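Everything on this sheet refers to the single structure shown next.
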Amino acid sequence: MPNIQNVNERIIAVGADDRRLELFENIYPLPNGVSYNSYLILEGKTALMDTADISVAEVFFENVAAALNGRPLDYVIVQHMEPDHSATLADLIRKYPNVTVVCNAKTESMIHQFFREDLVFSTQIVKEGDTLHLGNLSLQFIMAPMVHWPEVMMTYVPESKILFSADAFGSFGALDGALFADEVDFKENYLSEARRYYANIVGKYGAPVQAVLKKASALDIQMICPLHGLVWRKDLEFLLDKYQKWSTYQPEEKSVVVAYASMYGNTAHVADKLAEKLVDKGWPVCVYDLSKTGRDFVLGEVFRASHLILAATTHDGNLFEPMEYLLREMVAHGVQGRKVALVENGSWAPMAAKQMQTLLESMKDMVVVDPVITVKSTLAPAQENELDNLAEALVN
Ligand code: FEO
């Protein structure tokens, strides 16, 4: 049975959810699944906005056929060639051999990289500002290079004031029956996953996101249709504000994330004591064990919070790996402008703080506060004052 929903009277959502996949891009856990969105525009001409992942091919093609309801498919717009959206493109062309593939020149070469077989199809190459007329609706193409691949483009429908935004404004999380963000409790059920998606997938590309936000600010946008997650038709300012903050690496709120890498619980104990002291000072605090909570999730939290406490033990003379992995993710994704307190542990030769500092120095505008606390095996009773001083230094 097909599973399609109307975006409006002319546009039908024909994508599908995947709740079985464990790891998105074979690295990011999907506790709530993911949606692969695709939209069919029914006008004088028909146009499909992207295809879908191979894992949902059967329901996707069933949806497309049901939405077309016997009409031919005139165009498929390829906004992004990453396989979670384009793996079914070759099969789509085989099923609808008269379809014209609309894409930019970079995308065309990627189509041939991904599909090495002799695939015969007609192509219409577009560039920034080009318009494709479908009848009463038209598609204006906006190049969005490095958000988050070089060939990415977005598509604006001026008559409907809709932006098809490719991966931007997307989220992890299956749609659970809802199509629109205003049909769910987004802050409660999706915001954390939207942030984790942004930080890990797009986070490195703040400057390109800023460039496309600037282009978008010149458009009258009343609806955003991303390739993952919910469609936005209300309160777009909320989402745009998040993207403004995330893409400029500004924290969303004054709060503290405490992340620790602890082997026997003694470093964790110090992290917990610091968390208590910060809560006593009235600060919101979240504590994460990096051996348990994925670094992808904590990276999202780092994008959210203004202040960090990083506590790590020493392992074979090096920084204990769970903390090293987090810091390398922070470097790779361009994290900057956070105030950081450090705690290290080591029973005979503590080295963790030095190595954390080296990684933090490779990020922009990270402020490490004094004192750095060094614990030898367990917190000594005389060190209680050091914790008070560090908590005070971090938030004042
Ligand atoms: Fe959802 Fe970059 O693909």
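Read the figures in this text as sums done on the coordinates, not as results from a lab. Being a predicted model, the structure only gives us computed values, none of them experimental. Note that we place each Cβ from the backbone using ideal geometry, even for glycine, and neighbour counts take in every protein chain shown.
The calculated FRET efficiency for Ser255 paired with Ile54, based on their beta-carbon distance and R0 = 30 Å, is about 0.15.
Here's the list of lysines a cross-link from Lys281 could span, going by alpha-carbon distance under 16 Å and ignoring same-chain residues fewer than 8 apart: Lys254, Lys273.
Using the number of other C-beta atoms within 10 angstrom as an exposure proxy, rank Asp118, Asp296 with the fewest first.
Asp118, Asp296
Result for the chain in a Gaussian network model with C-alpha springs under 10 Å: among Ala349, Ala341, Ala144, the largest mean-square fluctuation is at Ala349. Arranged from fewest to most other beta-carbon atoms within 10 Å of their beta carbon, Lys161, Lys245 become Lys161, Lys245. In segment 93-212, a dipole from Cβ-located charges (positive for Lys and Arg, negative for Asp and Glu) runs towards its positive end, and of Ile201, Ile162, Leu137 it is Ile201 whose Cα lies farthest in that direction.
Pair-distance distribution of the chain: all C-alpha pairs, bin width 20 Å, starting at 0; shares per bin in whole percent are 27, 47, 22, 4. About its Cα centre, the dipole of the chain is roughly 560 debye, where the only charges are +1 on Lys and Arg Cβ and -1 on Asp and Glu Cβ.
Considering every Cα-Cα pair within segment 143-254, what fraction, in whole percent, is farther apart than 22 Å? Value for segment 143-254 (Cα pairs over 22 Å): 26 percent.
Roughly how big is segment 114-212's charge dipole about its Cα centre, with Cβ charges of +1 (Lys, Arg) and -1 (Asp, Glu), in debye to the nearest 20?
On the way: 7 positive and 13 negative charges, 73 e Å.
Charge dipole, segment 114-212, about its Cα centre: 360 debye, nearest 20.
Of Thr107, Thr374, Thr51, the sequence from fewest to most neighbouring Cβ atoms within 10 angstrom is Thr374, Thr107, Thr51.
Within the chain, which is the longest segment containing none of the GluC sites (Glu not before Pro) that sit in a DSSP loop and have at most 15 other Cβ atoms within 10 Å?
The answer is 253-396.
Relative to a virtual label point 7 Å from the Cα of Asp370 in the Cα→beta-carbon direction, which members of segment 308-342 show backbone nitrogen distances below 17 Å? What the label zone holds, given the 17 Å backbone N cut-off, is 340-342.
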